[in-house]
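Just so it is clear, none of the values below were taken in a lab; they were calculated from the coordinates. These figures come from a predicted structure and were not determined experimentally. Cβ placement follows ideal geometry from the backbone for every residue including glycine, while neighbour counts extend to all protein chains displayed.
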Amino acid sequence: MPRLITRTILLIASLIIAAVTCSAQSTTGTVTMSATVSKFVEINSGGAVTLTGNSGGGVTTDGVLNSPLAVSINLGELGPSNTNSFVTASVPLKLRSNASYVLAMSATVTSSGTTASRIGAADVGFGLGTISRTGTGVNTSGTDTNATSGDPTLAANGSVNGTTGRYEFTAVRSNLSAFSSATTALSGAIIMNAVPRSNSNGLTVPALFAVKPQFFENGTTTVSVTFTVTAP
Amino acid sequence: MRLRHFTYSLLSALFLLALAGTISAQALDISSGGLPTITGAVNGSVTGDASVQGDLAVTVNFGEVSPLNTSSIVKVVVPIALRSNQPYQVAVSISGLTNANAQALQRSDVGFGLQNIQLLGGAGKICTQSTHVIQSPFNNDPALSAAVGSNGRVTYSSSLANLSGSTVILTGPILSKNNSSKRQTSDGYIFDAIFTVTPQFFAAGVSSATLIFTISPGPNLPC
């Protein structure tokens, strides 16, 4: 009997100690925190398209500043009845990133013509214009590399072929034949400083397209261009 | 006879241990104030003890805070409970979150404020001669004080950048009516520690920090 009482007391004592231990108070506590910033890049419209030198045609779907880029342009007449030296379209692009970026472009040109005189990818001049990093929150000290030759209508970027008589965009990456597959057009350093996405500033650059009206084979031509920005 | 001596000795030792535990019971205590919450997060989470009798050991993952997260702000509310039988102060120290790249997440990019100090329950002490004071500049909800600075970056009325060494964030008089050495569910006060991050074009990377909250004897405030 005394042994039973002793065991009971021992058990109770152990429980008391356990209770004291379990409810132990503390004068410190910890909060550990972490956060992830992934690479982010985006391309949007930099504003309205400018179409010049056209005969007929027009901007079917215009660019809307800071909205997804989805532009449709009818270049109009590209035969000799258009007496302008060039039909040009300037499509403003806006890029934003928190990392170094690469802007690539791919293009397809399809024509209803069947001869070598139909409009082809090499007949569509292309280049990126002046690159602008301005505005609050933009990394203005970042540098960019334009892999194109700029405005395709510049005299230095094209001329009439002395043999064939056809006008050709001859400079490096100055026409769409250089972009039959995704090809880098522009690359550079981080575009944005640490600012919210609601900050609408960024890097703007015009994508310049040009066609020299010539005695092309008659028909219709469709040019489709896709821009892709990545953070390698 | 030997067994009896051994039993008495063991009993004595156990009681002494229990007594020691009682005598050394801390007059100051900080614990979980309940389940923490997170809003606005993408791939984020927060874990902590749901019980006010549990230890304060919270893990916050703000998740993605680049522009991939289109929420206006990621907000974490961590309830913290306090108990004391004497005037107290709560201090916080921080380690980590020291990115060399100024465009990466910095301590100033994590808003930090205190709100909603209130009785935990009926066993909390109501003092009439002193109040519980959230120290400047932490008396704010950083989700509400967030503003865009002249450089376009979001700023807060108070942030983790306001923590230097062990920084006192809260002081006050006695918190508890009783003098229990054990945490009870109603014997103190509770407040919200609020943390915020506004998703921005931060430089890519993973950042982390550890905060240690410490309660200790504070200014001699009458009750």
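Principal-axis analysis of the Cα atoms of chain B puts helix B:2-23 at an angle of about 40° to the longest axis.
With q set to 0.06, 0.12, 0.13 Å⁻¹, the log10 of I(q)/I(0) for the protein assembly as shown, from the Debye formula over equal scatterers at the Cα positions, is -0.47, -0.97, -1.06. In this simple spin-label approximation, A:ALA231 and A:ASN161 carry label points 7 Å from Cα along the Cα→Cβ vector, and these lie 4.4 nm apart. Placing a pseudo-label 7 Å from each Cα along the Cα-to-Cβ vector at A:THR110 and B:SER93 gives an inter-label distance of 7.0 nm. Protection proxy ranking of A:71-80, B:80-89, B:166-175, B:135-144, by the mean of other Cβ atoms within 10 Å over each peptide's residues and highest first, is B:80-89, B:166-175, B:135-144, A:71-80. Here the sum of -39500 (n - 2.57) over DSSP H runs of 4 or more residues, divided by the residues of the protein assembly as shown, equals -3500 deg cm²/dmol at 222 nm, to the nearest 500.
Just add up the charged neighbours of A:VAL87: K/R +1, D/E -1, any other residue whose Cβ is under 15 Å from the Cβ of A:VAL87. My count for the surroundings of A:VAL87 gives -2. Its alpha carbons considered, chain B gives a radius of gyration followed by a Dmax of 21.3, 85 Å.
Applying both filters, DSSP loop and at most 13 other Cβ atoms within 10 Å, to the chymotrypsin sites (Phe, Trp or Tyr not before Pro) of region A:174-232 gives A:PHE215.
Across peptide B:99-109, the mean count of Cβ atoms from other chains lying within 10 Å of each residue's own Cβ comes to 2. Can you work out the base-10 log of I(q)/I(0) for region A:135-232 at q = 0.12 1/Å, using the Debye formula on its C-alpha atoms alone? At q = 0.12 Å⁻¹ the computed log10 ratios are -0.56.
The angle separating the long axis of helix A:2-22 from the principal Cα axis of greatest extent in chain A is about 30 degrees.
Give me the inter-chain shielding for B:203-216: mean count of other chain Cβ atoms within 10 Å, whole number please.
Per-residue shielding by partner chains comes out at 5.
In square nanometres, what is one fourth of the surface area of the convex hull spanned by the alpha carbons of chain A? Orientation-averaged projected area of the Cα hull: 23.1 nm². One decimal place: the segment A:ALA182-A:SER224 gains 13.9 nm when fully extended, by the rule 0.36 nm per residue minus the C-alpha distance. Across peptide B:58-67, the average count of Cβ atoms from other chains found within 10 Å of a residue's Cβ is 6.
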